[in-house]
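Since the structure comes first, as structure tokens, the remarks are kept for the end.
The values are calculated or read from the model by the stated rules, or taken from the named source; none is laboratory data. Computed from a predicted structure; not experimentally measured. Here the Cβ positions follow ideal geometry from the backbone for every residue, glycine too, while neighbour counts run over all protein chains shown. Note: accessible area is taken over every heavy atom of the protein model, side chains too, but ligands, DNA and RNA are not part of it. Shrake-Rupley method; radii C 1.70, N 1.55, O 1.52, S 1.80 Å.
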Amino acid sequence: MNHTQSPFSSTDDDAGTIATAQQSAGSGNSTSMEPTLGGSRHWRDVFWLGIFLLHLILVGLALGVFGLNRFRKKDRLNIDQYTNRFLENQAGLTEDYWPLYAIAGAISTVIGWTWLLLLGSRSNQMMKVSVHLLTTYLAVLSVFCFWGKLFFWGVAFAIGSGLQFLYIMSVIDRLPFTMLVLQRAVKMVWKLPEVMRVACAFMLVMLIWLGLWSFGAAGVVASSIGDSGRWWLLVVFSVSLFWTGAVLCNTVHVIVSGMVFLVLIHGGREAASMPRNPLLQSLRYAVTTSFGSICYGSLFTAAIRTLRWEIRGFRSKIGNNECLLCCVDFLFHLVETLVRFFNKYAYVQIAVYGKSFNHSARDAWELFQSTGVEALIAYDCSGAVLLMGTVLGGLITGTCAVILTRIKHSDREMMMGSTAILMGMVLVGLAMVVVESAVTSIYICYAEDPLLIHRWDPEFFNQMSETLHQRLQHRSARVREGSSQNRLPDHMLETITV
């Protein structure tokens, strides 16, 4: 990639500099971006690949042990002799809870694919449902938890509803552009049916792993260990599931973004210059040489990205409270430093060029900053909107699990509900990541060579360019305003001179 463009800084204070930044975004060409598909690649981040595989083996063994210990016979493996001092509950059986997890998995799978199918025909309406329904749903769950005397969960859902409402209020002016980007990403994805099949295949792989995971989790829920011990075990297994789900989602991300990138570069999937079997080549690299980079990035990217969204939204609505603004700015710059090395746009670079994760993340962020496209990315909330749909799908799955568990095992409904929420989010996220992959590829291509987007969709290109111009002007105006406020009055300058 060519990163020799003159960097654009938000301290620029005239429209001429803005125009220069936009011209630098278009100085690239598709020949300088030729991907390395078909060539040999080196294995990247092998250490994290080993850590992830070792983690899968250890967690898989632990899940099998806990599930078998309560399967059709209590304490089949005589584990209770090692936990006698923790025994507090009457033990159950694994099969008392395992079918409930199976139902939760089926519900979340249906939700994920229904969401994706409706995005193809009713994208604008579905995005609005994701944004507004989540706040209401969290508030309703909070009320029911307080009614059922589950005060901890009532407070948690109430806080979540409040934060969701504040976030929506802080970014409501950005939603029209966000909806535009998502509509174009869905349009791109629906013209590539093979990437939909990839998402379906990885969802099947996730369901197979969830079969083992839910078997072990059901054994933990059925065990006679006290509540605190069971919760700790479920937290450990949930962290493992989160990492595993993130790895599978980001593997799909790499495959799909590589395919979308190729389509945009070559001018369509039917172009004569398209390499043979591009999807199979992307799949081969994603599960071999680049899999270590995916495992590494999956540990940190989601948490850092979510924190960045919240801080950005809160920062834009602070006003003139200088003390609070100073504290938030400190956190903002700290997170921005982390984003430089952990961002979702790295997966496009991994797919196309086969770099390590940190190298890919740094190159992507430097590309965005040198061309000014970072201002457009900061304005876009498509990732947050897709996350809202994922969380909503998880909450619906968890609610169904709680209702089913309450019929026979009311004392363990929250354990089942909370773990079912995570299962639902993972499965729905595998459907949503297809759209997010297209969004990231569109931004990378626009930063590398905007003419690629113009060739694909001229109207969308014009809207992106206009929004970018407005955001760069807005940044320059804010910098000028801050400089004028920080400037000392003339009489003070004279006193200092004397």
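Between Ser273 and His55, what FRET efficiency follows from the Cβ-Cβ distance if R0 is 45 Å, with the result rounded to 0.05?
Once rounded, the FRET efficiency stands at 0.65.
Between Leu386, Gly417, Leu404, whose Cα lies farthest towards the positive end of the dipole of the range 365-417 when Lys and Arg beta carbons carry +1 and Asp and Glu beta carbons carry -1, centred on the Cα centre?
Of the options given, the answer is Leu404.
Mind running the shape call on the range 366-492? Use the C-alpha gyration tensor, a ≥ b ≥ c as the square roots of the eigenvalues: rounded below 1.5 for a/c, prolate if a/b tops b/c, oblate otherwise.
oblate
Determine the per residue accessible area of the range 94-251 with all protein chains present and a 1.4 angstrom probe, expressed in square angstrom.
Accessible area per residue, the range 94-251: 43 Å².
Extension gain Arg455-Trp231, at 0.36 nm per residue separation less the Cα-Cα distance, in nm?
Here the segment from Arg455 to Trp231 would lengthen by 75.3 nm.
Using a 1.4 angstrom probe on the protein heavy atoms only, line up Glu366, Glu459 by accessible area, largest first.
So the residues, ranked largest to smallest area, are Glu459, Glu366.
Give the carbon-plus-sulfur fraction of the accessible surface of the range 191-279 in %, rounded to a whole number; probe 1.4 Å, heavy atoms of protein chains only.
Ligands and nucleic acids excluded, carbon and sulfur give 71 percent.
If you take the square roots of the eigenvalues of the alpha-carbon gyration tensor of the range 102-224 and sort them as a ≥ b ≥ c, do you get rounded (a/c under 1.5), prolate (a/b over b/c) or oblate?
oblate
From the protein chains alone at 1.4 Å, what is the descending order of accessible area for Val236, Val434, largest first?
Reading off the accessible areas and sorting them downward yields Val236, Val434.
Just the accessible area for Asp449, please: 1.4 Å probe, Å², rounded to the nearest 10?
Here the residue's solvent-accessible area equals roughly 10 Å².
Based on Cβ point charges of +1 for Lys and Arg and -1 for Asp and Glu, what charge dipole magnitude is obtained for the range 343-418 about its Cα centre, in debye rounded to the nearest 20?
340
Pulled fully out, how much extra length does the chain show between Arg41 and Ala201, if you take 0.36 nm times their separation in residues and subtract their Cα-Cα distance?
Here the segment from Arg41 to Ala201 would lengthen by 55.1 nm.
Explain nothing, just the number: relative contact order of the range 128-184, from Cα pairs under 8 Å at least 6 residues apart, as a whole percent.
Once divided by the residue count of the range 128-184, the mean separation gives 32 percent.
With a 1.4 Å probe and all protein chains kept in place, how do Ile294, Ile225, Ile107, Ile403 rank by accessible area, largest first?
Greatest to least solvent exposure: Ile403, Ile107, Ile225, Ile294.
Given H placed on each backbone N at 1.01 Å, which residues far from Lys74 in sequence or on other chains put an amide H within less than 5 Å of it?
Residues meeting the amide H criterion: none.
Checking the a/c ratio against 1.5 first, then a/b against b/c, what shape does the Cα gyration tensor give for the range 214-290?
Verdict is prolate for the range 214-290.
Using the structure shown, list the pairs from Lys128/Lys191; Lys128/Lys355; Lys128/Lys408; Lys128/Lys149 with a Cα-Cα distance above 26 Å, or answer none.
In this structure, Lys128/Lys355; Lys128/Lys408; Lys128/Lys149 lie more than 26 Å apart at Cα.
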